[in-house]
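The structure appears below as C-alpha coordinates.
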Amino acid sequence: MQVYPSVLVKDFEEFEAKINLVKGLVDTVHLDIMDGVFVENSTIYDIDKINSFDWGVDYELHLMVKESEIEKWLNTNAKRIIFHYEAINQKPKTKNQNHKAKIKNLINKIRERKKEVGIAVNMETDIENIFPFLNELDLVLIMSIKPGWSGQKFTPEALEKVKKLRDKKFNGIIEIDGGVNEENIDAIANSGAGAVSVASAIWKDKSKIKDQISKLQIKN
(Lines give C-alpha, C1' and ligand atoms only; values in the text may rest on other atoms or scores of the structure.)
Protein backbone atom coordinates (compact mmCIF):
# COMPACT_ATOMS: atom_id res chain seq x y z
CA MET A 1 0.00 0.00 0.00
CA GLN A 2 1.34 3.39 -1.02
CA VAL A 3 0.82 5.93 1.77
CA TYR A 4 0.75 9.59 0.77
CA PRO A 5 0.73 11.97 3.75
CA SER A 6 -1.91 14.60 3.06
CA VAL A 7 -0.81 18.20 3.62
CA LEU A 8 -3.77 20.54 4.10
CA VAL A 9 -2.46 23.82 5.50
CA LYS A 10 -3.16 27.54 5.40
CA ASP A 11 0.34 28.91 5.98
CA PHE A 12 3.80 28.19 4.64
CA GLU A 13 5.34 27.60 8.06
CA GLU A 14 3.08 24.62 8.74
CA PHE A 15 3.55 23.43 5.16
CA GLU A 16 7.34 23.40 5.54
CA ALA A 17 7.20 21.69 8.93
CA LYS A 18 4.99 18.84 7.72
CA ILE A 19 7.02 18.18 4.58
CA ASN A 20 10.20 18.00 6.63
CA LEU A 21 8.59 15.52 9.03
CA VAL A 22 7.90 12.95 6.30
CA LYS A 23 11.01 13.33 4.14
CA GLY A 24 12.66 9.94 3.84
CA LEU A 25 9.57 8.10 5.07
CA VAL A 26 7.47 8.11 1.90
CA ASP A 27 7.97 8.42 -1.85
CA THR A 28 5.18 10.91 -2.43
CA VAL A 29 3.30 13.62 -0.51
CA HIS A 30 -0.30 14.59 -1.28
CA LEU A 31 -0.70 18.38 -1.32
CA ASP A 32 -4.27 19.68 -1.07
CA ILE A 33 -4.99 22.96 -2.81
CA MET A 34 -8.38 24.54 -2.04
CA ASP A 35 -9.71 27.85 -3.29
CA GLY A 36 -12.63 28.38 -0.90
CA VAL A 37 -15.00 28.25 -3.89
CA PHE A 38 -15.05 24.70 -5.25
CA VAL A 39 -14.91 23.58 -1.61
CA GLU A 40 -15.71 25.65 1.46
CA ASN A 41 -12.22 25.52 2.94
CA SER A 42 -9.09 27.24 1.62
CA THR A 43 -5.40 26.36 1.88
CA ILE A 44 -1.96 27.68 1.03
CA TYR A 45 -2.20 29.21 -2.44
CA ASP A 46 1.28 30.51 -3.26
CA ILE A 47 2.58 28.77 -6.37
CA ASP A 48 5.97 30.51 -6.26
CA LYS A 49 6.69 29.38 -2.70
CA ILE A 50 5.61 25.84 -3.47
CA ASN A 51 7.89 25.75 -6.52
CA SER A 52 10.90 27.28 -4.77
CA PHE A 53 10.66 25.02 -1.71
CA ASP A 54 13.32 22.32 -1.39
CA TRP A 55 10.95 19.37 -1.21
CA GLY A 56 13.30 16.40 -1.10
CA VAL A 57 10.31 14.20 -1.96
CA ASP A 58 7.89 13.88 -4.88
CA TYR A 59 4.42 15.31 -4.53
CA GLU A 60 1.05 15.06 -6.18
CA LEU A 61 -1.17 18.12 -6.39
CA HIS A 62 -4.84 17.58 -5.51
CA LEU A 63 -6.68 20.55 -6.97
CA MET A 64 -9.95 21.33 -5.24
CA VAL A 65 -10.43 24.54 -7.19
CA LYS A 66 -12.90 25.89 -9.73
CA GLU A 67 -12.25 25.20 -13.40
CA SER A 68 -10.83 28.63 -14.22
CA GLU A 69 -8.10 28.17 -11.57
CA ILE A 70 -6.83 24.77 -12.67
CA GLU A 71 -4.48 25.70 -15.49
CA LYS A 72 -2.29 28.04 -13.46
CA TRP A 73 -1.43 25.12 -11.18
CA LEU A 74 -0.08 23.08 -14.08
CA ASN A 75 3.15 25.11 -13.88
CA THR A 76 4.28 23.61 -10.58
CA ASN A 77 6.99 20.98 -10.18
CA ALA A 78 4.50 18.34 -8.98
CA LYS A 79 4.98 14.87 -10.44
CA ARG A 80 1.22 14.37 -10.71
CA ILE A 81 -1.75 16.69 -11.14
CA ILE A 82 -5.16 15.55 -9.89
CA PHE A 83 -8.23 17.58 -10.83
CA HIS A 84 -11.86 16.98 -9.92
CA TYR A 85 -14.30 15.64 -12.46
CA GLU A 86 -16.95 17.85 -10.84
CA ALA A 87 -14.86 21.02 -11.26
CA ILE A 88 -15.16 20.93 -15.04
CA ASN A 89 -18.37 22.79 -15.71
CA GLN A 90 -21.03 20.76 -17.42
CA LYS A 91 -23.75 22.53 -19.34
CA PRO A 92 -27.18 20.87 -19.42
CA LYS A 93 -28.71 19.40 -22.56
CA THR A 94 -25.38 18.94 -24.34
CA LYS A 95 -25.16 15.18 -23.74
CA ASN A 96 -21.79 15.82 -22.06
CA GLN A 97 -19.94 16.18 -25.37
CA ASN A 98 -18.50 19.56 -24.46
CA HIS A 99 -17.76 18.32 -20.95
CA LYS A 100 -15.81 15.33 -22.25
CA ALA A 101 -13.88 17.48 -24.69
CA LYS A 102 -12.83 19.87 -21.93
CA ILE A 103 -11.64 17.01 -19.73
CA LYS A 104 -9.63 15.46 -22.58
CA ASN A 105 -8.12 18.85 -23.37
CA LEU A 106 -7.05 19.31 -19.76
CA ILE A 107 -5.53 15.83 -19.66
CA ASN A 108 -3.53 16.68 -22.79
CA LYS A 109 -2.27 19.94 -21.27
CA ILE A 110 -1.03 18.10 -18.20
CA ARG A 111 0.67 15.50 -20.39
CA GLU A 112 2.36 18.26 -22.38
CA ARG A 113 4.04 19.32 -19.13
CA LYS A 114 5.43 15.80 -18.68
CA LYS A 115 3.30 15.12 -15.61
CA GLU A 116 1.17 12.19 -14.54
CA VAL A 117 -2.59 12.77 -14.64
CA GLY A 118 -5.26 11.90 -12.12
CA ILE A 119 -8.99 12.54 -11.84
CA ALA A 120 -10.72 12.84 -8.47
CA VAL A 121 -14.33 11.73 -8.03
CA ASN A 122 -16.62 12.90 -5.23
CA MET A 123 -18.82 10.47 -3.32
CA GLU A 124 -22.02 11.49 -5.10
CA THR A 125 -20.50 11.06 -8.58
CA ASP A 126 -21.05 7.81 -10.45
CA ILE A 127 -17.62 6.34 -11.22
CA GLU A 128 -18.86 5.37 -14.68
CA ASN A 129 -18.66 9.05 -15.65
CA ILE A 130 -14.88 8.77 -15.92
CA PHE A 131 -14.78 5.46 -17.80
CA PRO A 132 -14.21 7.25 -21.16
CA PHE A 133 -10.90 8.63 -19.81
CA LEU A 134 -9.42 5.60 -18.05
CA ASN A 135 -6.89 4.79 -20.77
CA GLU A 136 -5.47 8.30 -20.44
CA LEU A 137 -5.11 8.35 -16.65
CA ASP A 138 -2.31 7.34 -14.32
CA LEU A 139 -4.49 7.57 -11.23
CA VAL A 140 -8.08 7.78 -10.05
CA LEU A 141 -8.66 9.44 -6.68
CA ILE A 142 -11.83 8.26 -4.96
CA MET A 143 -13.13 10.56 -2.25
CA SER A 144 -14.38 8.68 0.80
CA ILE A 145 -15.38 11.90 2.57
CA LYS A 146 -16.79 15.26 1.51
CA PRO A 147 -13.77 17.17 0.15
CA GLY A 148 -12.52 20.19 2.06
CA TRP A 149 -11.81 19.09 5.61
CA SER A 150 -9.67 16.46 7.32
CA GLY A 151 -10.86 14.44 10.30
CA GLN A 152 -14.07 13.18 8.72
CA LYS A 153 -15.32 9.60 9.03
CA PHE A 154 -14.49 7.14 6.26
CA THR A 155 -17.40 6.11 4.00
CA PRO A 156 -17.11 2.37 3.15
CA GLU A 157 -19.41 2.71 0.13
CA ALA A 158 -16.54 4.43 -1.68
CA LEU A 159 -14.89 1.03 -2.07
CA GLU A 160 -17.62 -0.06 -4.49
CA LYS A 161 -16.06 2.33 -6.99
CA VAL A 162 -12.71 0.57 -6.63
CA LYS A 163 -14.31 -2.73 -7.63
CA LYS A 164 -15.95 -1.13 -10.67
CA LEU A 165 -12.61 0.30 -11.79
CA ARG A 166 -10.90 -3.08 -11.42
CA ASP A 167 -13.76 -4.72 -13.35
CA LYS A 168 -12.99 -2.26 -16.16
CA LYS A 169 -9.35 -3.42 -16.06
CA PHE A 170 -8.03 -0.01 -15.03
CA ASN A 171 -4.29 -0.55 -14.56
CA GLY A 172 -3.41 2.77 -12.98
CA ILE A 173 -3.24 3.70 -9.32
CA ILE A 174 -6.51 3.75 -7.40
CA GLU A 175 -6.18 6.06 -4.43
CA ILE A 176 -8.60 6.50 -1.53
CA ASP A 177 -8.78 9.92 0.12
CA GLY A 178 -10.52 10.59 3.44
CA GLY A 179 -10.85 9.03 6.87
CA VAL A 180 -8.17 6.39 6.28
CA ASN A 181 -6.76 4.75 9.43
CA GLU A 182 -5.61 1.41 10.89
CA GLU A 183 -9.20 0.25 11.37
CA ASN A 184 -10.17 0.45 7.70
CA ILE A 185 -6.87 -0.03 5.85
CA ASP A 186 -7.44 -3.79 5.46
CA ALA A 187 -10.79 -3.24 3.78
CA ILE A 188 -9.25 -0.60 1.52
CA ALA A 189 -6.41 -2.90 0.52
CA ASN A 190 -8.73 -5.85 -0.05
CA SER A 191 -10.92 -3.74 -2.33
CA GLY A 192 -8.05 -3.39 -4.80
CA ALA A 193 -6.93 0.15 -4.01
CA GLY A 194 -3.19 0.66 -4.16
CA ALA A 195 -2.71 4.02 -2.46
CA VAL A 196 -4.19 6.14 0.32
CA SER A 197 -4.03 9.82 1.12
CA VAL A 198 -3.83 10.13 4.91
CA ALA A 199 -4.06 13.20 7.13
CA SER A 200 -5.38 12.81 10.69
CA ALA A 201 -4.07 9.26 11.23
CA ILE A 202 -0.54 10.50 10.49
CA TRP A 203 -0.51 14.02 11.93
CA LYS A 204 -2.45 13.35 15.17
CA ASP A 205 0.78 12.46 17.00
CA LYS A 206 3.87 14.01 15.43
CA SER A 207 6.16 11.89 17.64
CA LYS A 208 4.82 8.70 16.04
CA ILE A 209 4.60 9.66 12.37
CA LYS A 210 7.02 6.95 11.23
CA ASP A 211 5.11 4.28 13.15
CA GLN A 212 1.74 5.44 11.84
CA ILE A 213 2.95 5.36 8.24
CA SER A 214 4.52 1.91 8.72
CA LYS A 215 1.32 0.48 10.16
CA LEU A 216 -0.57 1.57 7.06
CA GLN A 217 2.12 0.47 4.61
CA ILE A 218 2.46 -3.10 5.84
CA LYS A 219 -1.23 -3.92 5.49
CA ASN A 220 -1.86 -5.52 2.11
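The values are calculated or read from the model by the stated rules, or taken from the named source; none is laboratory data. Please read all numbers here as calculations on a predicted model, not as lab measurements. FYI the Cβ positions are ideal-geometry reconstructions off the backbone, even for glycines, and counts take in every protein chain you see. When the accessible area is computed, the model is the full protein with side chains, heavy atoms only, and any ligands, DNA or RNA have been set aside. Shrake-Rupley method; radii C 1.70, N 1.55, O 1.52, S 1.80 Å.
Give the accessible surface of the chain per residue, rounded to a whole number of Å², with probe radius 1.4 Å and ligands, DNA and RNA excluded.
Computed with neighbouring chains in place, this is 47 Å² per residue.
Using θ = phi - 60° and the Karplus curve 6.51 cos²θ - 1.76 cosθ + 1.60, what whole-Hz ³J(HN,Hα) does each residue of the range 172-182 get, with Gly and Pro shown as x?
Along the range 172-182, the couplings run x, 7, 10, 10, 9, 10, x, x, 6, 7, 4 Hz.
Whenever you get a sec, compute what percent of the accessible area on the chain sits on carbon and sulfur atoms (1.4 Å probe).
Carbon and sulfur together cover 45 percent of it.
Output ³J(HN,Hα) for the range 31-46: one whole-Hz value per residue in order, computed from phi by the Karplus curve 6.51 cos²θ - 1.76 cosθ + 1.60 with θ = phi - 60°, and x for Gly and Pro.
Calculated HN-Hα couplings, in order: 9, 8, 10, 10, 9, x, 10, 5, 10, 5, 7, 9, 10, 3, 9, 9 Hz.
Round to a whole angstrom and tell me the spacing of the C-alpha centers of the range 1-42 and the range 151-220.
Using only Cα atoms, the two centres lie 16 Å from each other.
List the pairs from K79/K206; K104/K168; K79/K163; K23/K169; K10/K115 whose alpha-carbon separation is above 23 Å, in the order I gave them.
Over 23 Å apart, Cα to Cα: K79/K206; K79/K163; K23/K169; K10/K115.
Set Lys and Arg Cβ to +1 and Asp and Glu Cβ to -1, take the dipole of the range 76-198 about its Cα centre, and tell me which of I81, I107, F131 lies farthest positive.
I107
Karplus couplings for the range 116-127 from phi (6.51 cos²θ - 1.76 cosθ + 1.60, θ = phi - 60°), rounded to Hz, Gly and Pro as x?
Residue by residue, the range 116-127 yields 6, 10, x, 10, 9, 10, 6, 4, 7, 8, 5, 4 Hz.
Can you list residues whose amide H is under 5 Å from F38's amide H, if they're 5+ apart or on another chain and H is modeled 1.01 Å from N?
K66
Counting only DSSP beta bridges with both residues in the range 1-116, tell me the antiparallel percent, nearest 5.
That works out to approximately 5 percent antiparallel.
Go ahead and set up a Gaussian network model of the chain, Cα springs under 10 Å, then flag whichever of D27, D177, D126 fluctuates most.
It is D126.
Amide H of V180: which non-local residues (sequence gap of 5 or more, or other chain) have their own amide H closer than 5 Å, using H built in the peptide plane?
A199
Determine the relative contact order of the range 22-136: mean sequence separation of Cα pairs under 8 Å and six or more apart, normalised by residue count, in whole percent.
Details: 150 pairs, mean separation 24.7, N = 115.
Averaging sequence separation for qualifying contacts and normalising by length gives 22 percent for the range 22-136.
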